[in-house]
Amino acid sequence: MNKSVKEVFAKDQVSILEIFSLIGERKKIIGWSTLLVFALGMVYHFFSTKEYESTSTKLSEIKEGGNLGGIGQLSGLAGLAGVSLPGGSSEFDATFPPELYPRLVYSPEFLKEILDEELYFQNIGKRTTLRSYLVSERPRNFLGRIKDKITEAIRNAASTVTPSQGVSSSPSEGGDALEKPKFLYLSPIEQGLIGFLSKKIKIENEGKVINLSVKLSDPNAAAELNGLVFNKIIEFVTQYRTEKQRVNLSFVEKRTKEAEENFLKAQVRLASFRDSNQGLISQQARSKEEQLQAEFSMAFNLYNGMKQELENARLQLKNNTPIFTSFIEPSFPNGPSNFSFTIMVFLSLFMGGLLGVLIVATKLFLEYHR
């Protein structure tokens, strides 16, 4: 047989029919390979957990950062009254671009928070947390239960570290106490759940268009989780985007309240002086009245300007709040996303036959060079 292989490939022109003839002589290898892969494919199809996929699409509309309203216009006037306004000339550019959304969604903090959210699961007929469902109530097939047991045993054997109850710090003389370090601790079970959940969520961005897909073993929970993930993204991005505006608005509200109190006090002082000095025309009284009038005018101007700035800050907060437009709402899966039986049969047969041909081609190559 080795001679036959060498004779075929030693010619200047190799016939395709002769190559197929060599492969046909080893058809048993192809047959057994096809049968083996087909059997594995059927085992996978009948014993794998059925999953349902929910998809949705949103448009992210976020304006580029700009200055914080017209607060700089009042900085000079506020300075005369001893008030310091933030952001007089600084630019605000706190953006969270869609390119970073996958980093957010796949972060342990984000997924850990998702695990504690309640969803309605049709296959068990009740609402429960995603954590509880994945740990104890998720339908598992035979192979899945074996995999869970093996994974749990490996994690328990490898994980011997427990979280510390806290790092105590004693204040030094004349100084403040050291701040306790912050860290995220994940138990072995949480690490497994987060790893599993990260594989079931897929998020992609095409410019400002955000596509999200979620796979779970329950159709209703998959659709509900899809909407929940998007809501969490919107909540985080909105808070991140408007944090400085909210701080600025709180600051302006406090300063406006102070300006109002100073204005009312100046108004009361001026009115009281005029009431108690009616009929007096002395230069000292006129000078005092002019002084009180000037203080009243300055307090009024500052209060009026702060009222305008308060409205500007509110408008700026609203203007910088990101807008997400729904293109496609989370879809309700009508059927499992796994391969159908027909597709699995043809795919298994094709892969088995291809593997068999590769094995035969390798054997022919080795025989030729022997």
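Any read-out appearing in this document is the output of simple, stated calculations on the displayed coordinates, not a laboratory observation. Given the structure is predicted, the values throughout are model-derived calculations rather than measurements. Ideal geometry is used to build each Cβ from the backbone, glycine not excepted, and the neighbour counts take in all protein chains shown.
General remarks:
- Sorted peptide list for 184-192, 113-121, criterion being average Cβ within 10 angstrom, highest first: 113-121, 184-192
- Cβ-defined net charge surrounding Asn231, 13 Å radius [Lys, Arg +1; Asp, Glu -1]: -3
- Close amide H pairs (under 5 Å, H built 1.01 Å from N) link Ser217 with Tyr52, residues at least 5 positions away or on another chain.
- Once both labels are positioned 7 Å from their Cα atoms along Cα-to-Cβ, the gap between Val268 and Leu355 label points is 9.0 nm.
- Long pairs among Lys208/Lys232; Lys208/Lys244; Lys112/Lys200, criterion Cα-Cα beyond 19 Å: Lys208/Lys244
- Lysine pair count for the stretch 248-370 with Cα-Cα distance under 25 Å and sequence separation of 8 or more or different chains is 9.
- Around the Cα centre of the stretch 264-367, unit charges on the Cβ atoms of Lys, Arg, Asp and Glu (plus for the first two, minus for the last two) sum to a dipole of about 340 debye.
- Take 223-230, 261-268 and order them by the average number of nearby Cβ atoms within 10 Å per residue, most first; the result is 223-230, 261-268.
- Cα gyration tensor, the stretch 183-328 - rounded (a/c under 1.5), prolate or oblate: prolate
- If R0 is taken as 41 Å, the Cβ-Cβ distance between Gln284 and Glu253 corresponds to a FRET efficiency of 0.55.
- For the stretch 302-338, backbone nitrogen atoms closer than 18 Å to the point 7 Å from Lys232 Cα along Cα-to-C-beta are found at 330-331.
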